[in-house]
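K.L.:
Have a look at this one.
The values are calculated or read from the model by the stated rules, or taken from the named source; none is laboratory data. Predicted, not measured: the structure shown is a model, and the values here were computed from it. Don't worry about glycine lacking a Cβ; one is built from the backbone with ideal geometry, like all the others, and counts go over all protein chains shown. Accessible surface is based on the protein model in full, side chains and every heavy atom, while ligands, DNA and RNA are left aside. Shrake-Rupley method; radii C 1.70, N 1.55, O 1.52, S 1.80 Å.
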Amino acid sequence: MMPNNIVIIGASGGIGHAFIQLLSKDSTNTLYTFSRSYKKTPTTHENIISANIDYNNEASIVEAAKSTEVAGPIDLVIVATGFLHDDTIMPERSLRELSAEKFEKNFLVNTIGPALVAKHFLPKMNKKQRAVFAILSARVGSINDNRLGGWYAYRASKAAVNMLIKTASIEITRKQPNTIVVGLHPGTVDSQLSEPFQRNIKSEKLFTPEYSTKKMMSVIQELKINDSGNTFAWDGKKIES
């Protein structure tokens, strides 16, 4: 069963946009789409409400959460934001490349932003029936699965968001037992985020945003209440902490 009232945070990114295209195919859904660079999603679906959000400004997140109240409680939130590199910051290959700036940028986008979204959106989830709050995480955030090293700030920020997911799930279970809080690993997606690192990726392991979102949506639809607090890969397999 598809949800009705849906929030997509990070709508301008490749995965966020693909989620919008997928979920807007059901005309019974109302989609609230938020991004730092507001842009009306090109679709024939009429029930899409798009607006800006600034992850550096908590008041902006508060306002975004309030704007969803028109359609009633939220059935699904997908936080599809993420940062790995930009024109000046690349993932570290060694300790020599660590800097406060790299940690600050990674944690702001990958951990602090999703934490503040959780703070203001989780209370608005549907309390009468099953609801899902999902944050895009990454397999490299797994401490037990770390066999290659490197990418210090990115790994740390994803490990931190996995802890956020687990901790929030414990609190929400007490207050909203029908709400599931999970992390989702999309696989390696052909996007701006992964582009510089695709050279050694086998073609069958490099997913289009459309394929990845379909797989993750299948995972979301199969989630049970006792799955809350965990992180799942695109194929439904649980990722170790």
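K.L.:
Any chance segment 220-231 includes a residue that's surrounded by fewer than 20 Cβ atoms within 10 Å (Cβ to Cβ), at pLDDT 95 or above and in contact with a Phe, Trp or Tyr (Cβ under 6 Å, 6 or more places away or on another chain)?
P.N.:
no
K.L.:
Let me ask something additional. So which of P196, P209 ends up being buried (at least 19 other Cβ atoms within 10 Å of the Cβ), over 21 Å from L122 (Cβ atoms) and modelled with pLDDT under 95? Talk me through it step by step, then tell me what you get.
P.N.:
Values: P196 fails: buried (at least 19 other Cβ atoms within 10 Å of the Cβ).
Answer to the selection: P209.
K.L.:
Check segment 110-119 and report whether any residue there is among the polar types (S, T, N, Q) and not in a loop (DSSP other than H, G, I, E, B). Break it down into steps so the answer makes sense when it comes.
P.N.:
From segment 110-119, those among the polar types (S, T, N, Q) are 110-111; that's our starting set.
With the extra rule that they be not in a loop (DSSP other than H, G, I, E, B), the set shrinks to 110-111.
Taking every residue of segment 110-119 in turn, at least one turns out to be among the polar types (S, T, N, Q) and not in a loop (DSSP other than H, G, I, E, B).
K.L.:
With open to solvent by 50 Å² or more (accessible area, probe 1.4 Å) and touching a helix residue (DSSP H, G or I) at 6+ places or on another chain (Cβ under 6 Å) as the only criterion, which of E58, E92, E69, E63 stands out? Step through it out loud before you land on a result.
P.N.:
Numbers: E92 fails: open to solvent by 50 Å² or more (accessible area, probe 1.4 Å); E69 fails: touching a helix residue (DSSP H, G or I) at 6+ places or on another chain (Cβ under 6 Å); E63 fails: touching a helix residue (DSSP H, G or I) at 6+ places or on another chain (Cβ under 6 Å).
Selected residue: E58, the only one of E58, E92, E69, E63 that is open to solvent by 50 Å² or more (accessible area, probe 1.4 Å) and touching a helix residue (DSSP H, G or I) at 6+ places or on another chain (Cβ under 6 Å).
K.L.:
Would you check which residues across segment 102-141 are touching a strand residue (DSSP E or B) at 6+ places or on another chain (Cβ under 8 Å), among the polar types (S, T, N, Q) and buried (at least 21 other Cβ atoms within 10 Å of the Cβ) and list them?
P.N.:
The answer is S137, and nothing else.
K.L.:
Identify all residues within segment 122-166 that are touching a His at 6+ places or on another chain (Cβ under 7 Å) and over 30 Å from P73 (Cβ atoms); write none if there are none. Reasoning before the result, please.
P.N.:
In the first step, residues of segment 122-166 are kept if they are touching a His at 6+ places or on another chain (Cβ under 7 Å); the result is 137-139.
Answer for segment 122-166, where residues must be touching a His at 6+ places or on another chain (Cβ under 7 Å) and over 30 Å from P73 (Cβ atoms): just R139.
K.L.:
Looking at G72, G113, G82, which is the one that is more than 28 Å from A233 (Cα to Cα) and small (G, A, S)? Walk me through it before giving the result.
P.N.:
Details: G113 fails: more than 28 Å from A233 (Cα to Cα); G82 fails: more than 28 Å from A233 (Cα to Cα).
From the options G72, G113, G82, the qualifying one is G72.
K.L.:
Suppose the filter is at pLDDT below 95 and open to solvent by 10 Å² or more (accessible area, probe 1.4 Å); does N144 pass it?
P.N.:
Details: at pLDDT below 95: yes; open to solvent by 10 Å² or more (accessible area, probe 1.4 Å): yes.
Yes.
K.L.:
How many residues are open to solvent by less than 50 Å² (accessible area, probe 1.4 Å) and among the basic types (K, R) if we restrict to segment 154-192?
P.N.:
So the count comes out to 2.
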